[in-house]
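Before any comments, here is the structure.
The values are calculated or read from the model by the stated rules, or taken from the named source; none is laboratory data. Every value quoted in this text rests on a predicted model; they were computed, and no experiment measured them. Counting neighbours? That spans all protein chains shown, and the Cβs are built from the backbone with ideal geometry, glycine included. Quick note on the areas: whole protein, heavy atoms, side chains included, nothing else; ligands and nucleic acids left out. Shrake-Rupley method; radii C 1.70, N 1.55, O 1.52, S 1.80 Å.
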Amino acid sequence: MEGEDGLDELAPLIVVLGGGVAGERLNIACDLFHMGHGREGVVLTGGNQERFVPDRVEVMRQCGVPDLLLKQWPSTANSFEEMQAVERELAGDSRCIAIVVSDALHMPRLRYLRNRLGLAGSVYLRQSRLIHRFDLDYVFRVVMFWFREPLAYIYYRMRY
């Protein structure tokens, strides 16, 4: 259930889910933008900071995303709300597609939500990998994420 979706065309929208640890999701979004994706918008959900990245918007600016294309959805509180917001964004245009970027451990839950909301074919998933850092705070957060994610998947299957 882990993994990325194949995509043969450019996606006009990139959505970077909040909750990352050290900018891994942002790095993937920057790579995607440089490949030509996100020319109608790059959306950052959740708050504007990660534990080790104090300003996500500034990181995206530094990788070349113009302010005109940067959007924030700060009120989305969880993965379900984030995917519902993507659904609303795509609702007006059946040809529009989006790439949603999150961590590899998050993919099973996102895949379930995408399919549950009927977004297969218009939402494609890209995964980031946790970077190799060795400070105690970072390792603690990665371990917590690793233990939490399977429980969150089960919770989402039962709730949504």
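Values computed for the structure shown
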| read-out | value |
| --- | --- |
| List ASP8, ASP31, ordered by accessible area with a 1.4 Å probe, largest first | ASP8, ASP31 |
| Kyte-Doolittle at least -0.5, axis length at least 20 Å by Cα - qualifying DSSP helices, the chain | 136-159 |
| Whole-percent carbon and sulfur share, accessible surface of the chain, 1.4 Å | 55 |
| With at most 11 neighbouring Cβ atoms within 10 Å, loop trypsin sites (Lys or Arg not before Pro) (DSSP) excluded, longest segment of the chain | 1-94 |
| Relative contact order (%) - the chain, alpha-carbon pairs under 8 angstrom, separation at least six | 29 |
| Helix-only CD estimate at 222 nm, as mean residue ellipticity for the chain, using -39500 (n - 2.57) per DSSP H run (n ≥ 4) | -12500 deg cm²/dmol |
| Free-standing Cys residues across the chain, given no other cysteine C-beta under 4.7 angstrom | CYS96 |
| Share, in percent, of DSSP beta bridges within the chain that are antiparallel, nearest 5 | 5 |
| For the chain, accessible area per residue (1.4 Å probe, heavy atoms of protein chains only), Å² | 52 |
| Full-stretch length increase - TYR155, LYS71 - with 0.36 nm per residue and alpha-carbon distance subtracted | 27.3 nm |
| Equivalent ellipsoid, the chain (semi-axes from 5 times Cα gyration tensor eigenvalues, Å) | 22, 20, 14 |
| Chain lengthening between VAL143 and ARG88 when straightened (0.36 nm per residue, less Cα-Cα) | 16.5 nm |
